[in-house]
Amino acid sequence: MALDEIAISRAIIESYSRKLVNALDVDVAIVGGGPSGLVCGYYLAKAGKRVVLFERKLSIGGGMWGGGIMFNEIVVQAQARNILDEFDIRTTEYEKGYYLADSVESVSTICSKAVKAGLKIFNLLSVEDVMVRDQTVRGLVLNWSAVEIAGLHVDPITMRSKFVVDATGHPAEVAKIIAKKSGIQLATKSGGLMGEQSMWAEVGEETIVENSREVCPGFYVCGMCANAVFGGPRMGPIFGGMLLSGEKVANELIRKL
Ligand code: 48H
């Protein structure tokens, strides 16, 4: 059979367009494909919810690939090891309570299992705004990352979801947009973003899970973003809190949906 380049092009365009159209009205939209967003998406998809994830970059995995200072190993504490077990990611005990995993195995496995569970991932799409109705976050405004990077004046498109999850990591991008543009008071002490605090692994890992929750109607945060919004320390290359926070938000949303 002779290969027809036009058939290849048509296949991709038709299939992607269908996938994107199906993503325009869903249960949950997650922004950011780092460890917390991926784990959140996995549990929601596994529970049969319609869930999509938008990631600005070409690659999925956020800050997990690089372990600590590009040494591609991650540390996970005992409380989160069962999540790595759930994904069948191999761990070794370094010393009591500290487990090591290969960061490449971790990201690729979580991503693969999340997609196979039904999470629809769109890479190369950036969230530049939210849709708000009746003081409730109801969806996202999307544009190609290439448009954003090139600074082109191209208008975005909009998708609707019952809930939005900000998993954009340190910059807390969606929370910042809501605080700046929507007039909605966030459920923090100041009503706005409290800001991330300096390194303290133990407190950071505890608070990240506590802070992974609803911030205003229709809007949740998980992962590093949760401490940027509610004010909590960073924790360096220990990833248990990221996994537990994604799981926590997924379970809360599964109860609500
Ligand atoms: C689309 C976006 C947008 C946008 C950002 O940083 P991440 O890995 O996030 P987490 O919270 O799952 O994990 C944090 C962890 O990697 C980390 O940084 C730790 C533990 N730090 C501790 C320390 O002390 O430094 O992933 C966030 C993802 C990235 O891939 C971004 O590209 C993406 O979100 N993203 N995607 N639209 N507007 N903003």
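The values are calculated or read from the model by the stated rules, or taken from the named source; none is laboratory data. The shown structure was predicted, so the numbers you read here are calculated from the model rather than taken from an experiment. Counting neighbours? That spans all protein chains shown, and the Cβs are built from the backbone with ideal geometry, glycine included. To get the accessible areas, we keep the full protein, side chains included, count just its heavy atoms, and leave off ligands, DNA and RNA. Shrake-Rupley method; radii C 1.70, N 1.55, O 1.52, S 1.80 Å.
Quick look at the numbers
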{"item": "Per-residue ³J(HN,Hα) for the range 165-170, Karplus 6.51 cos²θ - 1.76 cosθ + 1.60, θ = phi - 60°, Hz, x for Gly and Pro", "result": "10, 8, 10, 8, x, 3"}
{"item": "Inter-site label distance for SER190 and THR92 at 7 Å from Cα along Cβ, in nm", "result": "4.4 nm"}
{"item": "Chain lengthening between ASN82 and ARG133 when straightened (0.36 nm per residue, less Cα-Cα)", "result": "14.5 nm"}
{"item": "Backbone N under 15 Å from the PHE71 label point (7 Å along Cα→Cβ), restricted to the range 207-247", "result": "236-239"}
{"item": "Mean separation of Cα contacts under 8 Å, 6 or more apart, over the residue count of the chain: relative contact order %", "result": "23 percent"}
{"item": "Residues with amide H under 5 Å from that of ARG213, placed H, sequence gap 5 or more", "result": "VAL221"}
{"item": "Cα centroid separation - the range 141-172 against the range 96-120, whole Å", "result": "25 Å"}
{"item": "Ordering of 184-191, 52-59 by packing [mean C-beta count within 10 Å, highest first]", "result": "52-59, 184-191"}
{"item": "Separation of the TRP200 and LYS180 label points, Cα + 7 Å toward Cβ, nm", "result": "2.9 nm"}
{"item": "Share of Cα-Cα pairs in the range 13-256 lying beyond 27 Å, as whole percent", "result": "30 percent"}
{"item": "Apportionment of accessible area to carbon and sulfur, the range 35-178, percent (1.4 Å)", "result": "55 percent"}
{"item": "Built amide H within the under 5 Å cut-off of ARG50, gap 5+", "result": "ASP27, VAL28"}
{"item": "Residues of the chain: accessible area per residue with a 1.4 Å probe, Å²", "result": "50 Å²"}
{"item": "Rounded to the nearest 20 debye, dipole of the chain from Cβ charges on Lys, Arg, Asp, Glu", "result": "780 debye"}
{"item": "Percent antiparallel among DSSP beta bridges (both partners in the chain, rounded to 5)", "result": "55 percent"}
{"item": "Protection proxy ranking, peptides 227-238, 34-45, average beta carbon neighbours within 10 Å, highest first", "result": "34-45, 227-238"}
{"item": "Peptides 92-105, 143-156, 202-215, 63-76 ordered by average Cβ neighbours within 10 Å, highest first", "result": "202-215, 63-76, 92-105, 143-156"}
{"item": "Simple label model, 7 Å out from Cα along Cβ direction - ARG234 to GLU214, nm", "result": "3.2 nm"}
{"item": "Among PRO217, TRP65, LEU53 the positive-end extreme of the charge dipole of the range 13-256 (Cβ point charges)", "result": "PRO217"}
{"item": "Karplus-derived 3J(HN,Hα), 6.51/-1.76/1.60, for each residue of the range 220-236, Hz, glycine and proline x", "result": "10, 10, 8, x, 3, 4, 5, 6, 5, 7, 8, x, x, x, 7, 9, x"}
{"item": "Positive-pole candidate from ALA114, ILE30, GLN135, dipole of the chain, charges at beta carbon", "result": "GLN135"}
